[in-house]
Amino acid sequence: MEEWEWAYVAVRLALSTALPVLDCDETFNYAEPLHFLLYQHGLQTWEYSPDYALRSYAYLALYAPASLVARALSADKRLAFFALRGAISLATAACETCFLRSVRRATGDGVYGMARLFMLCSTGMVHAATAFLPSTFAMALLMLGWARWMDAMSTHDRTHYCIAIGCVGVAVLLGWPFAALAGLPLALEAIGSIGFAGFAAVVANWGVVISLPSVSVDSYLYGRPVLAALNVFWYNLSVSREGGSQLYGVEPASYYIRNLLLNFNLLLPIAAAAPLAALLRVATGVKPGGALTTAQTQLVLSTALLWVAFFSAIPHKEERFIYPVYPLLCLAAASALADATAALNVVGRSARTGWRLLRLAIVSGACVLSASRTVALVRYYGAPLSVYAALSHELSQAADKPQIVCVGKEWYRYPSSFFMPSANQKIAFIRAGFGGLLPAPFSAPAPAGTRVVPSHFNDRNQEEPSQYTPLSECDWLVSLIETDEERSTLLAQRWSVWTSRPFL
C-alpha cells in the first residue's frame, strides 16, 4: 500500500469512532435488527414485519462477522458497535483505493491526485464512508464496478465487464435496488462492447448467484418467500395517498442542491462545470493524460447527473439517497480542474500563473471548508453518542438490575441497543411531540420473532398508542433540554440531572 492509502485507512477509522449517527435508519432499520440477530433482543420496525418484508436479513448477515469477533473479545457491546463502524470504514476505504487506482490508469495523474484529495477530505465522503446503510454499501460496490468499467473501456477485456456487472448486481440485490440506475451507463456501454447477448448472459448468471443466498436467508427468517429488493423498490415508487415513502416527508427539488453544497461546498459548482471544462480541453486540442478519451470520461461522470436528476424528481428525499454518487462528484470536480489546467497550459504565461493561483485557492478552500464542516458535525452533534456511552458504562455496573431508559422527542438520536449492556436494560418511548409509528421490541428470539406478524404495525406511519411508556415507569430519561422552563419542569417532577453534554 502507498502512503496515501494508509492515510485513507487512518482517517476513516478515526472518524468511525467520532462521527455521530446521522440517520435514524442506521439505528432502527439496521443496527437494531443486527443486534437482535446477535443477542436475541432489540427493536423491530414495521419494514421487518413479514407482511411487508422491505428489509433484507441477508444484507445484515454481511456485517455480523465484525460484531461477532468483537463480542468474542469483550462483553462490552459498545465494542461490537464500534467494530461494526470500523469494519464499514475499512471496507469503504479499500473500495476507494481500488477506484482511485483505476482513475489513475484511466485519466492520468492530474485527475487522480485531486480526486484522491477530494474523496479523502469532503464531508460527504467522510460520513457516507462510515454509515451502516444500504446506500453506503451501494456506494462501495459501485466504486468497484466503476473501477472495473474504466479498466474495461481502456483494455476491452471482457473479464472487467463481467466483474463490473457483478459489482452492480450485488449493490442492487443485496444492498439497494435503486443502485441499478447507476449501472445504466455501464450497461449501455457494455452492450456496445460485448453485445446484448453477452451482456444478458452475464446479468442472468450474476442474478442467480446473488439472489439464491439472499432469497434463501430472507425466506427462512420471514417464514415465506421474499425478495426484499423488489419489495422496497415498489414501495419507494409508490405515490398513492395511502402509502409510500412520501409519508415520511417531501422536499422540493432544491433539497439535494442544498445538501450537496453543505457536503462539497466549492467542489459542487466545479463538478457541474466538468462538461464545459472537457469541451475547453477538446477545443485546444490537448489530449487526455490517461487511457480513456474525454468522451469516455464524461460517460462515467454522466451517472452522477442521471442519479441526482432522478432522485430530485421523487417527492421523498433524504441525504443518504445521494451517497452512491459522492465519489463521482469528487471525480467530476477533479476532472474539471485537470481539464481546465491542461487547456490553459497552451495559452500565455500570465494566464497559466493566474489559473494556478486560482486552482490553489479553490482546492485549499474546499479542503478547509470540508474540514470545518466535519469538525462541526463531531463537535456540535456528538452529544447523543457521548451521553449514551456514559449511560452504558453506568448501567453495566448493575447489569442484572432491570432498568428502563426512556426517550421522547429525541428518540431518533438513540444509537442502538449496543449501548444497553444487557437484556435487563431496555429502551422505551414516552409521548413527547412525535405523532408517527415507532419501533417496538421483537416478540420472540429468531427465527420465531422474525416470522410473527405484529398487530401494532402499519405502513401508513400512523401512531400506535400502545408503544408509549408512562414517564412514571422510567428509571432514566434522555432528552434535549432547550429551555430553562423544561429543566425546571423535570426537576419539579423529582428528576435530577445525572450527566449532560452541550448540543449545537
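The values are calculated or read from the model by the stated rules, or taken from the named source; none is laboratory data. A quick note: this is a predicted structure, and the numbers were derived from the prediction, not measured. Glycine gets a Cβ as well: all are built from the backbone with ideal geometry, and neighbour counts include every protein chain shown. For accessibility, only protein heavy atoms count, side chains too; no ligands or nucleic acids. Shrake-Rupley method; radii C 1.70, N 1.55, O 1.52, S 1.80 Å.
Which of rounded, prolate or oblate describes region 372-470 when judged by the alpha-carbon gyration tensor and an a/c cut-off of 1.5?
It is oblate, given that a/c is not under 1.5 and a/b is not larger than b/c.
Based only on the alpha carbon positions, what is the Kirkwood hydrodynamic radius of the chain, in angstrom?
By the Kirkwood definition, the hydrodynamic radius is 24.4 Å.
For region 408-504, what % of the accessible area comes from carbon and sulfur atoms, probe 1.4 Å?
After summing per-atom areas, the C and S share lands at 50 percent.
In Å², and per residue, what accessible area does region 264-322 have when probed at 1.4 Å with the other protein chains present?
I get 44 Å² per residue for region 264-322.
Enter the accessible area of Met1 (Å², nearest 10), with the probe set to 1.4 Å and all protein chains included.
Here the accessible area works out near 130 Å².
What percent of all Cα-Cα pairs in region 103-167 falls into each 5 Å bin, going from 0 up to the bin containing the maximum distance?
With a bin width of 5 Å, the distribution comes to 4, 17, 19, 21, 20, 14, 5, 0.
State the percentage of accessible surface on region 37-109 attributable to carbon and sulfur atoms; use a 1.4 Å probe and exclude ligands, DNA and RNA. Mind showing how you got there, number by number?
Details: 1610 of 2590 Å².
After summing per-atom areas, the C and S share lands at 62 percent.
If packing is taken as the mean number of other Cβ atoms within 10 Å per residue, what is the order of 74-83, 261-270, highest first?
Result, highest mean Cβ count within 10 Å first: 261-270, 74-83.
With a probe of 1.4 Å, find how much accessible area region 339-392 has per residue, and write the answer as a whole number in Å².
Heavy-atom accessible area per residue stands at 50 Å².
Under 20 °C and 1.002 mPa s, how fast does region 8-87 diffuse according to Stokes-Einstein, given a Kirkwood radius computed over C-alpha pairs? Answer in µm²/s, whole number. Kindly include the intermediate steps, with their values, before the conclusion.
Numbers: Rh = 13.5 Å.
Here the translational diffusion coefficient equals 159 µm²/s.
Excluding ligands, DNA and RNA, what is the solvent-accessible area per residue of region 71-228 at a probe of 1.4 Å, expressed in Å²?
Values: 5450 Å² over 158 residues.
Using a 1.4 Å probe on heavy atoms only, each residue of region 71-228 averages 34 Å².
When the helices in the chain are scored as -39500 (n - 2.57) per DSSP H run of 4 or longer and the sum is shared across all residues, what 222 nm value do you end up with, to the nearest 500 deg cm²/dmol? Display every interim value, and only then the final one.
Working: 20 runs with 299 residues, N = 504.
Calculated from helices alone, the mean residue ellipticity at 222 nm is -19500 deg cm²/dmol.
Can you pull the Kirkwood radius for region 159-292, inverse mean 1/r over Cα pairs, to one decimal in Å?
Taking every pair of different Cα atoms in region 159-292, averaging 1/r and inverting gives 18.7 Å.
Loop only per DSSP, at most 11 neighbouring Cβ atoms within 10 Å: give me the chymotrypsin sites (Phe, Trp or Tyr not before Pro) in region 366-419, ordered by residue number.
Sites meeting the loop and neighbour criteria: none at all.
May I have the convex hull volume per residue, in Å³, for the Cα set of region 229-319?
On the way: hull volume 11.9 nm³, N = 91.
It comes to 131 Å³ per residue, whole-number rounded.
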